[in-house]
1. Can you tell me which residues in the range 41-88 are of a type in the set (D, E, K, R) and more than 12 Å from the chain's Cα centre (by Cα)?
2. Hey, does the range 44-61 have a residue that's outside any helix (DSSP H, G or I), aliphatic (A, V, I, L, M) and under 15 Å from R23 (Cα atoms)?
3. What is the residue count in the range 76-120 for residues that are within 19 Å of R42 (Cα to Cα) and among the β-branched types (V, I, T)?
4. Regarding K101, is this residue of a type in the set (D, E, K, R) and out of contact with any Phe, Trp or Tyr (no Cβ under 7 Å at 6 or more places or on another chain)?
5. What number of residues within the range 1-15 are surrounded by fewer than 12 Cβ atoms within 10 Å (Cβ to Cβ) and not charged (D, E, K, R)?
6. Quick check on the range 68-75. Is at least one of its residues hydrophobic (A, V, I, L, M, F, W, C) and within 18 Å of Q39 (Cα to Cα)?
7. Go through V52, V77, V24 for me and flag whichever is without any contact (Cβ under 8 Å) to a residue 60 or more places away in the chain and not basic (K, R).
8. May I ask you to list pairs of residues, at least six apart or on different chains, whose Cβ atoms are under 6 Å apart, with the first in the range 101-120 being basic (K, R) and the second being at pLDDT 95 or above and in a helix (DSSP H, G or I)?
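The values are calculated or read from the model by the stated rules, or taken from the named source; none is laboratory data. All values reported here derive from a predicted model rather than from experimental measurement. Neighbour counts are summed over all protein chains in view; Cβ atoms, including those assigned to glycine, are modelled from backbone coordinates with ideal geometry.
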Amino acid sequence: MGTHWRELNVWKKTHELVLEIYRVTAKFPRTEIYGLINQLKRAAYSVPANIVEGQSRQTTREYLQFLYNARGSLEEVRYFLLLSMELGYLNSEAHITLEEKYESASKMLNALINSLKRFL
């Protein structure tokens, strides 16, 4: 756990996803500001925030708990992106791009979780 969180590739990838979600939701209908936009942003920034908080914890077990929380939030993001596309707020091309970023982040997060589980 000696690496700073800013150096973690999984943090970088999830942070990029958050920035992209902020960009795309800026084009969503204003009627969704307190609904889908808020939920999607909150779920998105929860992922790198949990990585940061977990990485600063004292034990591997605590770190893993925050990574599990991050994984749950990442799944929420996936659902909200699907919902956004089905509601017509996100075109299929943008959805595919975000889904690819999601997949990459998910694989990296799962790899980190699996590597840390060896230390329990």
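1. Of everything in the range 41-88, those that are of a type in the set (D, E, K, R) and more than 12 Å from the chain's Cα centre (by Cα) turn out to be E53, R57, R61, E62, E86.
2. No, the range 44-61 contains no residue that is outside any helix (DSSP H, G or I), aliphatic (A, V, I, L, M) and under 15 Å from R23 (Cα atoms).
3. Final tally of qualifying residues: 1.
4. Answer is yes for this residue.
5. Going through the range 1-15 one residue at a time, the tally reaches 3.
6. The answer is yes, given that some residue of the range 68-75 is hydrophobic (A, V, I, L, M, F, W, C) and within 18 Å of Q39 (Cα to Cα).
7. Every option except V52 fails the conditions.
8. From the range 101-120, the pairs are K101/L17.
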